[in-house]
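Here the structure is laid out as structure tokens; the discussion comes afterwards.
The values are calculated or read from the model by the stated rules, or taken from the named source; none is laboratory data. Just so we're clear, the structure is a prediction, and the values are computed from it rather than from any experiment. When we count neighbours, we look across all protein chains shown, and the Cβ atoms used for this are built from the backbone with ideal geometry, even at glycine.
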Amino acid sequence: MRILLDENIPVDFVAELRGHDVLTVAGLGWSGVLNGELMRRARECCDVFVTLDRNIEFQQNIPALPFGVIVVRAVSNRMIHLRPLAAAILLAISAAKPGQLQKVDS
């Protein structure tokens, strides 16, 4: 599965998503790109977009997207808070469908 991690998720988290082709917003040089433009660009490179942005579901037309969106609702974006959620995030990734949003809670 092709996964794109939003810039609010540490690059180190890529290691937690073994078995997938993982890109990062920062790694693509897209840091600072606004969500609308980011969603347009993501159409070309991912099957699943993973973010900590809890407002994305209210700002974007998720059902129109050709990829799934996973919103991680962690205490912070520090690895100490994200790593325990890795298994749940991987499960959400495996169930992701285009145009659907899933939430992973801590």
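Evaluate the following for Ile89: is it touching a residue at least 40 places away in the same chain (Cβ under 8 Å) and part of a helix (DSSP H, G or I)? Judged against the criteria, Ile89 is a match. Close Cβ contacts (under 8 Å, 6 or more residues apart or on different chains) running from residues in segment 1-23 that are within 16 Å of Ala74 (Cα to Cα) to residues that are of a type in the set (A, V, I, L, M, F, W, C) and exposed (fewer than 14 other Cβ atoms within 10 Å of the Cβ) comprise Leu5/Val11. Just one of the listed residues (Phe49, Phe13) is part of a helix (DSSP H, G or I) and either aromatic (Phe, Trp, Tyr) or modelled with pLDDT under 95 (or both), and it is Phe13.
Every test in (1) closer than 19 Å to Trp30 by Cα; (2) surrounded by fewer than 17 Cβ atoms within 10 Å (Cβ to Cβ) is passed by Asp47 save one, and that test is (2).
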